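The values are calculated or read from the model by the stated rules, or taken from the named source; none is laboratory data. As the structure is a computational prediction, the values presented were derived from the model and not from experiment. Counting neighbours? That spans all protein chains shown, and the Cβs are built from the backbone with ideal geometry, glycine included.
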Amino acid sequence: MEKTKLPTSLHFFYTLLFLIIFSVLKPIPAVGYADPGSSTNGTDFIRTSCVTTLYPDVCFTALSRYAAAVQRNPEQLARVAISVSLAKVKHVAAYVSNVSRQADYGANPRAAAALHDCFSNFGDAVDEIRGSLRQMRHLNVGGTGAGGGESFRFQMSNVQTWMSAALTDQETCTDGFQDVADGPLKKEVCDRATEVKKHTSNALALVNSYAEKSVP
């Protein structure tokens, strides 16, 4: 049986309709799609900012993964650096707490005392960095309102003071092991504490940089 052919005009109409439907149904980018350029710009900004720290390689390695969120915002970069430092310090504090309990049953009372002091210092550092982060989340940026500029300077001064105190507490931890005989435990604790100090030092440097450029 011979098939009925569509008139040329009708065939053209269906072809055009198909093309229109196809164009409408093209895949739609997911909601929240980020501009690839924002991550690249953020990475470059973080690399440049980390040059001002004492440990630029550590700084860039730790913070570059947050490039899309940071973009070119120095306040956001300082806040992220503080958050990373806080996570690192809490991790070491948990480790020191664990080994200090084990040391209580050991034969080296000097090491046990150093560990307990270290845990206390790291506990203080956690509180101080947490306070810094909380203050950064409530900055009176731009000096708006009565006494806004003074308020911002006071808030940034708090952040700088607490981060400096946290760094001092971490240094006090390692100083407390000077009279402890060398061994695997001493090396492990001091190595971990020293690595964390780098992150806290970098965070403080980025805070100082932001404060210097932003204080009205």
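Every residue, every condition in (1) over 19 Å from Val189 (Cβ atoms); (2) assigned to a helix (DSSP H, G or I); (3) among the charged types (D, E, K, R), yes or no:
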| site | (1), (2), (3) |
| --- | --- |
| Phe60 | yes, yes, no |
| Ala78 | yes, yes, no |
| Ser83 | yes, yes, no |
| Val92 | no, yes, no |
| Tyr95 | no, yes, no |
| Gln102 | no, yes, no |
| Leu115 | no, yes, no |
| Glu128 | yes, yes, yes |
| Leu139 | yes, no, no |
When Asn121 is run through (1) free of Cβ contacts under 8 Å to residues at least 40 places away in the same chain; (2) touching a Ser or Thr at 6+ places or on another chain (Cβ under 8 Å); (3) farther than 20 Å from Ala181 by Cα, the failure sits at (1)
Pairs returned, first residue in region 88-111 that is surrounded by fewer than 16 Cβ atoms within 10 Å (Cβ to Cβ), second residue that is not in a helix (DSSP H, G or I), beta-carbon separation under 9 angstrom, 6 or more apart or interchain, are Asn108/Val180; Asn108/Ala181; Asn108/Gly183; Arg110/Asp179; Arg110/Val180; Arg110/Ala181
Screening Ala114, Ala103, Ala87 for residues that are out of contact with any Lys or Arg (no Cβ under 7 Å at 6 or more places or on another chain), at pLDDT below 95 and closer than 21 Å to Val196 by Cβ leaves only Ala103
